[in-house]
1. Looking at the stretch 70-83, which of its residues are within 13 Å of L43 (Cβ to Cβ) and among the hydrophobic types (A, V, I, L, M, F, W, C)?
2. So which residues in the stretch 23-56 are β-branched (V, I, T), touching a Gly at 6+ places or on another chain (Cβ under 6 Å) and in contact (Cβ under 8 Å) with a residue 40 or more places away in the chain, if there are any at all?
3. Against the definition (among the small types (G, A, S), out of contact with any Lys or Arg (no Cβ under 9 Å at 6 or more places or on another chain) and under 25 Å from W25 (Cβ atoms)), how does A89 come out, yes or no?
4. For the stretch 93-138, give me each residue that is within 14 Å of D62 (Cβ to Cβ) and buried (at least 19 other Cβ atoms within 10 Å of the Cβ).
5. Name the residues in the stretch 17-50 that are within 14 Å of the chain's Cα centre (by Cα) and either loosely packed, with under 12 Cβ neighbours inside 10 Å or charged (D, E, K, R) (or both), would you?
6. Show the residue pairs meeting these rules: Cβ distance below 9 Å; 6+ apart or different chains; first residue within the stretch 96-108 and closer than 12 Å to A68 by Cβ; second residue surrounded by 12 or more Cβ atoms within 10 Å (Cβ to Cβ) and among the small types (G, A, S).
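The values are calculated or read from the model by the stated rules, or taken from the named source; none is laboratory data. Bear in mind that the values here come from a model prediction, so they are computed numbers and not experimental data. Methodologically, a virtual Cβ is constructed for each residue, glycine included, from the backbone with ideal geometry; neighbour enumeration extends over all protein chains shown.
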Amino acid sequence: METMQIHYLEKSLVIELNQKIIVEWNNRHPESPEYMAESGSGLDEVLSIVKKAGNDQADHKDKIIVKAAHLLGGIPWAQSFSGANKRTAILATTIFLRRNGLSIKFPPEEQRELRKLLFKIQEERGELQTEIIDRLILYIRKNTKPL
């Protein structure tokens, strides 16, 4: 049986996404600018976690969804950037899923719940909370479909 390949995001792409989000924010909100800075090894750690996560899943789609949940939760948790971590996580996760044959919708009626989960994971500085990751897995599973 042929193993399906997983298409990961490059660190440089995630950094570029964050920079573009901050530039766009600063253009729209010159009165309250955000600054660009990657916070050391935080992003490296997240990308490493994503590569390891979900490898025990037999189903390829489940493997992608578990990895996507770790990406979505990992960037805000590690505070990989000085600003726009949650927005960067959402965009990076969307691109990761698309690279791997899935599209995701963020229904307006569920965006508040997603934001609360990402704020909660951001506050838990110790370790990436399994309970929240499990909720992100359910959220992603419910809102994805094949391209």
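1. Once the filter is applied, which keeps residues that are within 13 Å of L43 (Cβ to Cβ) and among the hydrophobic types (A, V, I, L, M, F, W, C), the stretch 70-83 yields L71, I75, W77, A78, F81.
2. I49
3. For A89, the condition - among the small types (G, A, S), out of contact with any Lys or Arg (no Cβ under 9 Å at 6 or more places or on another chain) and under 25 Å from W25 (Cβ atoms) - is met.
4. L97, N100, L102, I133, L136, I137 - these are the residues of the stretch 93-138 that are within 14 Å of D62 (Cβ to Cβ) and buried (at least 19 other Cβ atoms within 10 Å of the Cβ).
5. Correct list: D44, E45.
6. Every condition considered, the pairs that remain are F96/A68; L97/A68; L97/S103; N100/A68; L102/A68; I104/A68.
Residues checked against (1) in a helix (DSSP H, G or I); (2) at negative phi; (3) in contact with a helix residue (DSSP H, G or I) (Cβ under 9 Å, 6 or more places away or on another chain):
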{"site": "W77", "(1), (2), (3)": "yes, yes, yes"}
{"site": "R98", "(1), (2), (3)": "yes, yes, no"}
{"site": "K116", "(1), (2), (3)": "yes, yes, no"}
{"site": "K120", "(1), (2), (3)": "yes, yes, yes"}
{"site": "G126", "(1), (2), (3)": "no, yes, no"}
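For every residue, the table says whether it meets (1) under 28 Å from P146 (Cα atoms); (2) assigned to a loop (DSSP other than H, G, I, E, B); (3) touching a strand residue (DSSP E or B) at 6+ places or on another chain (Cβ under 6 Å); (4) at pLDDT 95 or above.
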residue	(1), (2), (3), (4)
M1	yes, yes, no, no
M4	yes, yes, no, no
L13	yes, no, no, yes
N26	no, no, no, no
P33	no, yes, no, no
N55	yes, yes, no, yes
A58	yes, yes, no, no
K61	yes, no, no, yes
